[in-house]
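**Q** What follows is a structure written as structure tokens; I'll ask about it next.
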Amino acid sequence: MSTSDPERETVPSRHLDLTVNGRRERIEVEDRAVLADVLRDQLHLTGTHIGCRNGDCGACTVEIDGRIQKSCIVLAATVDGCAVTTVEGLADPDEPLPALQQALWEADAFQCGFCLPGHLFSLRVLLDETPDPTEEEVREALVGNLCRCTGYVNIVKGALAAAARQTAVPQ
Ligand code: FES
């Protein structure tokens, strides 16, 4: 029978250097830690939400070196040297809301806010690549983001309003 105390066993860890929302960070993380937990627990960026922990719901979505990813299935150790943007990095509290967030706000699309990171990051990519999407394209872009309020109607409405503003011809 082993006499070792599992509580006292050393958990392998390493230093990470990364940029989060434009700010350089140097932190120590456990090798087994996922990025979502590191963002929330060590960097206190609690806008990154955790729903399913298996890559299904999208609440933990962040951008890593320009690509959106679900941070609950990304080992923190793999983002050494990367630039990470969380939902907090998508707006400046001292500035007016960006057009997409403003349109979602006006459409009452934020609802409880839990799924917001995934919807925002997905819609940013959509509107960047397809400035004037159809409703079907908006719905397609949101696949992989689960709204627990089941209020997709307002999210789609807000996304289409943001697209319309983005493509409006100035008078
Ligand atoms: Fe990451 Fe659901 S918590 S996808």
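**Q** Which whole-number value in Å² is the accessible area per residue of the chain, probe 1.4 Å?
**A** Values: 10060 Å² over 171 residues.
Value returned for the chain: 59 Å² of accessible area per residue.
**Q** Another question, if that's okay. Find which of Leu35, Cys57, Thr85 sits farthest along the positive direction of the dipole of the chain, computed with +1 on the beta-carbon of Lys and Arg, -1 on that of Asp and Glu, about the Cα centre.
**A** Projecting each Cα onto the dipole axis, the largest value belongs to Cys57.
**Q** For every other residue with a beta carbon closer than 10 angstrom to the beta carbon of Lys157, add +1 if it is Lys or Arg and -1 if Asp or Glu, then tell me the sum.
**A** Values: positive: none; negative: Glu106, Asp108, Glu135.
Value of the local net charge: -3.
**Q** Oh, and also: When the solvent-accessible surface of protein heavy atoms is calculated with a 1.4 angstrom probe, in what order do Thr10, Thr134, Thr86, Thr19 fall, highest first? Could you put the intermediate results ahead of the total?
**A** Working: Thr10 130, Thr134 70, Thr86 0, Thr19 40 Å².
Per-residue accessible area, sorted high to low, gives Thr10, Thr134, Thr19, Thr86.
**Q** Treating the beta-carbon of each Lys and Arg as +1 and of each Asp and Glu as -1, no other charges, what is the dipole magnitude of the chain about its Cα centre, to the nearest 20 debye?
**A** Values: 15 positive and 27 negative charges, 33 e Å.
In total the dipole reaches around 160 debye.
**Q** On a 1.4 Å probe surface of the protein chains, which of Ile27, Ile50, Ile68, Ile73 comes out largest in accessible area, and what is the full order?
**A** Numbers: Ile27 20, Ile50 40, Ile68 60, Ile73 105 Å².
Ranked from most to least accessible, the order is Ile73, Ile68, Ile50, Ile27.
The values are calculated or read from the model by the stated rules, or taken from the named source; none is laboratory data. All values derive from a computational prediction rather than experimental measurement. Positions of Cβ are generated from backbone atoms using ideal geometry, with glycine treated the same way; all protein chains shown enter the neighbour counts. Quick note on the areas: whole protein, heavy atoms, side chains included, nothing else; ligands and nucleic acids left out. Shrake-Rupley method; radii C 1.70, N 1.55, O 1.52, S 1.80 Å.
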